[in-house]
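Here's the structure we're looking at; comments come further down.
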Amino acid sequence: MPDEDTGVRTRLDIKKSLLRRAIKGESQYSAREMILLIQWIRSRARHIPESHENELDLIREIEQEQEEVRSLLVEMGMTEDDLPSESRALLRLNLEERRRGRNGNWNNLAQTWQLLNRQPPTNSIN
């Protein structure tokens, strides 16, 4: 594998690599054959099933809500260093709760803002 291929490779990166190898003569296929193979594989690609699409929509919805909460915390004066990193476990927990019918309501961000901006109680007993 070439030195520039580090980390996760996208499908486009893989196609470019295969085509580059075919053009350089490092593949058993010619450049024309490789193009035809790539086109054939693309023609056989399946569409995402509706159940998977619904799951992706749910994930996107939860990620959007998490981003809204993070931006709210930043607006309140927290820095990015103060905020915890995104948690995949928390995302999975939120997804499982949504699947079971529990739905958090982040539409009332103004109420959350008021709650977080409320003055802390005093330590005085009077």
Q. Within the range 47-57, can you find the residues that are loosely packed, with under 14 Cβ neighbours inside 10 Å and not in a loop (DSSP other than H, G, I, E, B)?
A. Glu50, Ser51, His52, Glu53, Asn54, Leu56, Asp57
Q. Under the condition of being among the aliphatic types (A, V, I, L, M) and open to solvent by 100 Å² or more (accessible area, probe 1.4 Å), which residue from the range 13-46 is farthest from the chain's Cα centre (by Cα)?
A. Ile23
Q. If the Cβ limit is 7 Å and pairs must be 6+ apart or interchain, which residue in the range 36-62 that is within 30 Å of Arg98 (Cβ to Cβ) pairs with which residue that is open to solvent by 70 Å² or more (accessible area, probe 1.4 Å)?
A. none
Q: Find the residue count for the range 68-116, including only residues that are part of a loop (DSSP other than H, G, I, E, B), loosely packed, with under 10 Cβ neighbours inside 10 Å and modelled with pLDDT of 65 or more.
A: 9
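The values are calculated or read from the model by the stated rules, or taken from the named source; none is laboratory data. Computed from a predicted model, the values in this text were never measured in an experiment. Using ideal geometry, Cβ is built from the backbone for each residue, glycine included, and neighbour counts are taken over all protein chains shown. Remember, those area values only see protein heavy atoms, side chains included, never the ligands or the DNA or RNA. Shrake-Rupley method; radii C 1.70, N 1.55, O 1.52, S 1.80 Å.
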